[in-house]
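Remarks on the structure that follows.
The values are calculated or read from the model by the stated rules, or taken from the named source; none is laboratory data. Since the model is a prediction, treat every value here as computed from it, not as a measurement. Positions of Cβ are backbone-derived with ideal geometry, glycine not excepted, and every protein chain shown enters the neighbour counts. Please note that ligands, DNA and RNA were not included when accessible areas were found on the heavy atoms of the full protein model with its side chains. Shrake-Rupley method; radii C 1.70, N 1.55, O 1.52, S 1.80 Å.
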Amino acid sequence: MMQNVKTVFLDIDDTLWWFTENSKEAFAHVYNQHGLERLCSYERFHKVYIEKNRELWEAYHHGKIGKAYLNSERFRYTLEHCGYQGDALELGNKLNAHYLNYLVTLPRVLPGAKELLEYLKAKGYDVNTLSNGFAHFQPRKLVSGGLDGYIHRNILSDDCGITKPLPGIFDYALATCGASRETTVMIGDDPDADIAGAHNAGWRTIYFNWKQQPVAPGAADATVTHLLEVERLL
């Protein structure tokens, strides 16, 4: 049991809102709507995109690229790599916009997400989100998932120009919410951005390791594989 916790920050994607499952549906929708089967198989197109997107997000997390480049490059690269002969940047931007706008309408949340937020709110914690996602989309995901009513503040990298795991965003979150690191805990699924980042900023951490990923030794104060397990800690 974690003592003297007053403020809880949770990541959004794949911690509360089920990005992995929602993204699969949105990606298939865009692939089909734009007739991309004429270019290559769904399996190949999706594999190339996933690998490139992961690489770009890693660079974005660490401040090496901006969100504009991330958004334009992931589909542009995928189209070009899969043999598209037209203007890959133009079509890629159309695919990206369609994908994002459809994605945020999808409702799936992680098992136990709503119940955990109800529990935390009932216990009197100040419940907030802390995300590297984009300001135009992250709040809409919470609305689609029926989670927005449980959240006090959404703290986003877009708000301060600093991304997790860099310490500045954690300091910004504390200042914005009037919290102190001694009474704050971060809950998230990303061992680098969420857990190592918060740990290095002096926060306590709960690693939501539903994907069974390794985390730096000592970075997580506790590890759970289901969100409802958090209730025994807070």
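The table below lists the values:
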quantity: Any chance ILE169 is of a type outside the set (Phe, Trp, Tyr) and in contact with a Cys (Cβ under 7 Å, 6 or more places away or on another chain); calculated: yes
quantity: Test result for LYS121, in contact with a Phe, Trp or Tyr (Cβ under 6 Å, 6 or more places away or on another chain) and either part of a helix (DSSP H, G or I) or buried (at least 18 other Cβ atoms within 10 Å of the Cβ) (or both); calculated: yes
quantity: Filter result for GLU80 (surrounded by fewer than 18 Cβ atoms within 10 Å (Cβ to Cβ), touching a Phe, Trp or Tyr at 6+ places or on another chain (Cβ under 8 Å) and assigned to a helix (DSSP H, G or I)); calculated: no
quantity: Residue pairs meeting the criteria (Cβ under 6 Å; at least 6 apart or on separate chains; first without any contact (Cβ under 8 Å) to a residue 40 or more places away in the chain, in the stretch 182-193; second of a type in the set (A, V, I, L, M) and surrounded by fewer than 21 Cβ atoms within 10 Å (Cβ to Cβ)); calculated: PRO191/VAL215
quantity: Qualifying position, being open to solvent by less than 10 Å² (accessible area, probe 1.4 Å) and modelled with pLDDT under 95, among GLY133, GLY92; calculated: GLY133
quantity: Qualifying positions in the stretch 8-36 - open to solvent by 10 Å² or more (accessible area, probe 1.4 Å) and part of a strand (DSSP E or B); calculated: ASP13
quantity: The stretch 55-76, residues that are in contact (Cβ under 8 Å) with a residue 24 or more places away in the chain and either part of a loop (DSSP other than H, G, I, E, B) or touching a Leu at 6+ places or on another chain (Cβ under 6 Å) (or both); calculated: TYR60, HIS62, GLY63, ARG74, PHE75
quantity: Whichever residue in the stretch 209-234 is assigned to a loop (DSSP other than H, G, I, E, B) and within 15 Å of PHE9 (Cα to Cα) and, among such residues, is least open to solvent (accessible area, probe 1.4 Å); calculated: LEU234
quantity: Out of HIS46, HIS29, HIS34, sole residue that is without any contact (Cβ under 8 Å) to a residue 40 or more places away in the chain and farther than 23 Å from VAL127 by Cα; calculated: HIS46
quantity: Pairs, first farther than 21 Å from ASP126 by Cβ in the stretch 163-177, second charged (D, E, K, R), C-beta under 8 Å, six or more apart; calculated: PRO165/ASP192; PRO165/ASP194
quantity: Residue check, PRO165 within 26 Å of PRO217 (Cα to Cα) and at pLDDT 95 or above; calculated: yes
quantity: Only one of PRO111, PRO107 that is under 19 Å from ALA28 (Cα atoms) and in a loop (DSSP other than H, G, I, E, B); calculated: PRO107
